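The values are calculated or read from the model by the stated rules, or taken from the named source; none is laboratory data. Note that the coordinates shown come from a computational prediction; the quantities given were computed from them, not determined experimentally. As a convention, Cβ positions derive from the backbone with ideal geometry for all residues, glycine included, and neighbour counts pool all protein chains shown. Side chains included, ligands, DNA and RNA excluded: accessible areas come from the protein's heavy atoms. Shrake-Rupley method; radii C 1.70, N 1.55, O 1.52, S 1.80 Å.
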Amino acid sequence: MKTIIISSIILFSITVLIVTTSCSQTEKKQNEESISMKYKGLVKAPEFPEGLQWLNTYKPITLKELKGKFVLLDFWTYCCINCIHIIPDLKKLEEEFPNELVIIGVHSAKFKNEKEQDNIRKAILRYEIKHPVVNDLNFEIWNDYAVSAWPTLVLINPLGQIIMQSSGEGVYGKFDTFIKEAAEEFNAAGLLDKNPIKLELEFGHNPNSNLRFPAKVFVSKTNKIYITDSNNNKILIVDANGKILETIGNGKSGKKDGSYQESEFNHPQGIAVDEAEENIYIADTDNHLIRRINLKEKKVETIAGKGYLSINYYSNGGFGTNSELNSPWDLVVVGNTLYIAMAGPHQIWEMNLETKKIEPFAGTGYENIVDGNLKMASFAQPSGISYCNGKLYIADSEVSAIREINLLTGKVSTLVGTGLFDFGDVDGYYPESRLQHCMGVNCYNNLIYIADTYNHKIKLLNPQTKEVRTLIGTGKPGIKDGNADEAQLDEPNGLFVHNNLMYITDTNNDLIRIYDFNTKDIKTLKITQ
C-alpha cells in the first residue's frame, strides 16, 4: 500500500511538472512574440563558426547559450587607435550592466602579426580587457555580419536578434540608454537572464622584469635612462647599470599632479628630456594630456589637455589645459617647441613651451599617406617622432611608413611606405621596401633607426638613398640575446641611440634591451631597485 501511494505521488508530480512546463513554455513563447518592435529585431544574429580560438574564457562561446542576455559584439584590431579609444566605453557598459550584458571582442586583424593568438593575448593584457575575445583571423564573423570598418559594434537582444549596429567612437553614449530601456522591457517580459557567465581571464602574463609593457625610452647626456613604464603607470629614471634612481608616479591609473609619490599617470607612452636636463615631457596617452616633470623640484605638472578624449575630432588646439588632445603618443623637444605625434587625429602637433599654445602642425586629419605641404599632407596614426638636422622623422604606424618633415621648407615626404594596407618585411629601396606597423624612430648620425614593431625587428634607414635594411632580429617574436642576426624581440615600441649603444623598449617582453654597435651584440638591461 505504501509503495502504491508513493508511486501515485510520483505520477501526480510528473503530470504537474509536464503541465507546468508546457504552460511555462507557452507563456514564454507568448512573451517573446509580444515584445515591442522597438527592441525586437528582424534579423537573427549568425552563430559563431566552430573551431575558432577563444581567449578570456575557459571554452568557446555560442550565441545559443547566451540566449536571455544582451550581447555586444566589438569588431576590433589591436593596432587601431579608434578601437583603443572605445575600450573605456566598453568597460563602463560592463560595469553598468554586469548581469544583463555580455561583450565579446571579435578580433579581425588588419596586420599579419595581429592574427597570432599569443599576440592577441598580450594585447588583451596590455589593454586590460576583461571580456571574451574570439580570434576571427579569416574574417568569417566579420563577413557574416557584413562589417566594413574598425571598430564596429553589433548589439544582439536576448532573443538572438540584431537590434543595433554602429561604427566609430562614442560608444557609451550610443548604447547606454538603448540597452537600459531594452533591458527593462525584456525583464518585464521574463525573458532576461541575469545569471553571470563564467569566464577565465588571461592572467597568465608573467613579466620578465618589474617593468610592464614599457613604451618609450630616452637617454640623456649624463647617461641617465628615462623609461615610460606604461602599464605600471610610472616613469622610471635608471642608471647605466639598470639601478632605479627615481620612480615617478604612485602606480595608480589617474591624472593627479604633485610630488613623485602622489602623482598619477594613465598608460604613458612618449618621453623627452630638454637640452638642459631640467624637465621631462610625457605623452600621457590614455589621459590625453601632456605632463611636465620638473627634475629639480621633483614635481609633476599638467601643461596641456583637459584629461579626456577630444570631443571635437578635428580639434584646433588652444592654450595649455584649455586645449583638447587626442591620444598623444610620442614627442620630441626642439628648442622651445615640443613636437607631438598625435595618434588619434593622425596629425603632428606643436606646443610653444613658453606661451603653452598647442595646435596642429602638420596633417589634414584624414588617415592616409599623402605628401606635400604641412596643411595638405596626411598621416595615419603617427606613433614615433625624432629630430635631427632641421627635420622631423615620423613612424607613421598604420601605413607602415617613415615620413620626413623638413622644418625649413615645410614639406612632408615619404621614405618608406606606400599605403594603408601595404606592409611586409622587405629590405631594399623605396618604394619596394616594406615595414609592418612601425611605432618607434630615432635619428642618430644622419641615419634613421626604426622599431619595426610587428616584424619584431630593428631596421636601419638611410634617408638620402631611402634604403632600409634589417639591423636586429630574426622576424620571429621571442627573447634571445647575443648576435644581432640571431637575437629576438617581441613588438619593440621605442628606441634611442646614445654613445654607440641603442636602448630598445622590448614592449611585449617587459624589457629594456641594449645593442652595442661595436660588438654587434644585444643584451638585456636588468632593472633593479
Exercise. Please work out the Cα center distance from region 354-387 to region 506-524, rounded to the nearest Å.
Key: 31 Å
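Of all the C-alpha pairs in region 65-107, what % are more than 13 Å from each other?
Cα-Cα pairs in region 65-107 separated by more than 13 Å: 55 percent.
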Self-check item: Cα centroid separation - region 129-178 against region 79-126, whole Å
Solution: 11 Å
Exercise. Tell me what the chain gives for mean residue ellipticity at 222 nm when only DSSP H runs of n ≥ 4 count, each as -39,500 (n - 2.57), the sum divided by the residue total, rounded to 500 deg cm²/dmol.
Key: -5000 deg cm²/dmol
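Could you do me a favour and compute the accessible area per residue for the chain, 1.4 Å probe, result in Å²? Could you put the intermediate results ahead of the total?
On the way: 22290 Å² over 529 residues.
Normalised by residue count, the accessible surface of the chain is 42 Å².
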Quiz prompt | Of all DSSP beta bridges in region 240-301, antiparallel share, percent nearest 5 | solution = 95 percent
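If you add up the charges near residue 526, with Lys and Arg at +1 and Asp and Glu at -1, over every other residue whose beta carbon is less than 15 angstrom from its beta carbon, what do you get?
Every neighbour counted, the sum reads -2.
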Exercise. Pop out the ³J(HN,Hα) list for region 406-414 in order, Karplus 6.51 cos²θ - 1.76 cosθ + 1.60 with θ = phi - 60°, rounded to Hz; leave Gly and Pro as x.
Key: 7, 6, 6, 9, x, 10, 9, 9, 10
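Highest first, please rank the peptides 228-238, 378-388, 141-151 by the mean number of other Cβ atoms sitting within 10 Å of their residues.
378-388, 228-238, 141-151
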Quiz item: What per residue convex hull volume, in Å³, do the alpha-carbon atoms of the chain yield?
Solution: 178 Å³
Exercise. Calculate the tail of P(r) for region 400-444: the fraction of all Cα-Cα distances greater than 16 Å, expressed in %.
Key: 41 percent
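Just need the relative contact order of region 391-510 here, percent rounded to a whole number, with Cα pairs under 8 Å and 6+ apart.
Details: 324 pairs, mean separation 20.4, N = 120.
Relative contact order of region 391-510: 17 percent.
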Quiz prompt | Amide H contacts under 5 Å for residue 299, placed H, 5+ residues apart | solution = 294
Quiz item: Can you list the equivalent-ellipsoid semi-axes of region 311-388, largest first and in whole Å, using the square root of 5 times each Cα gyration tensor eigenvalue?
Solution: 18, 15, 11
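With N set to the residue count of region 55-184, report its C-alpha Rg divided by 2.2 N^0.38 Å to two decimal places. Can you show the working numbers first?
Numbers: Rg = 13.7 Å, N = 130, 2.2 N^0.38 = 14.0 Å.
In units of the 2.2 N^0.38 Å rule of thumb, it is 0.98.
Using the Cα gyration tensor of region 422-473, with a ≥ b ≥ c the square roots of its eigenvalues, what is the shape: rounded (a/c below 1.5), prolate (a/b larger than b/c) or oblate (neither)? Intermediate results must be reported in sequence, preceding the final value.
Numbers: a/c = 1.80, a/b = 1.15, b/c = 1.57.
Oblate.
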Quiz item: Considering only the chain, what is the antiparallel percent among its DSSP beta bridges, to the nearest 5?
Solution: 90 percent
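Given Cα pairs under 8 Å that are at least 6 residues apart, what percent is the relative contact order of the chain? Intermediate values should be presented prior to the final figure.
Numbers: 1348 pairs, mean separation 46.3, N = 529.
Averaging sequence separation for qualifying contacts and normalising by length gives 9 percent for the chain.
Starting with the highest mean, order 80-89, 257-266 by the number of other Cβ atoms within 10 Å, averaged over the residues of each peptide.
In decreasing order of mean packing, 80-89, 257-266 become 80-89, 257-266.
For every other residue with a beta carbon closer than 15 angstrom to the beta carbon of residue 427, add +1 if it is Lys or Arg and -1 if Asp or Glu, then tell me the sum. Numbers along the way, then the final one.
Details: positive: 434, 457, 459, 466, 469; negative: 425, 432, 452, 467, 485.
Net charge around residue 427: 0.
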Quiz item: Peptides 389-396, 44-51: what's the order by average Cβ count within 10 Å, highest mean first?
Solution: 389-396, 44-51
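How much net charge surrounds residue 99 when only other residues with a Cβ under 11 Å from its Cβ are counted (Lys, Arg +1; Asp, Glu -1)?
Summing Lys/Arg as +1 and Asp/Glu as -1 gives -2.
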Quiz item: How about region 479-526: which chymotrypsin sites (Phe, Trp or Tyr not before Pro) there are in a DSSP loop, with at most 15 other Cβ atoms within 10 Å of their Cβ?
Solution: 517
Exercise. Can you work out the PRE-style zone for residue 375? Point 7 Å along Cα to Cβ, and I want the residues of region 400-439 with backbone N under 19 Å.
Key: 405-413
Quiz prompt | Descending principal axes extents, region 316-455, alpha-carbon based, whole Å | solution = 44, 31, 25
Quiz prompt | Selection of trypsin sites (Lys or Arg not before Pro), region 332-375, meeting DSSP coil and at most 13 other Cβ within 10 Å | solution = 375
Self-check item: Rounded to whole Hz, the Karplus (6.51, -1.76, 1.60) HN-Hα couplings of region 67-73, x for glycine and proline
Solution: 4, x, 10, 7, 10, 10, 8
Quiz item: Mean projection of the alpha-carbon convex hull of region 436-529 over all orientations, in nm²?
Solution: 5.8 nm²
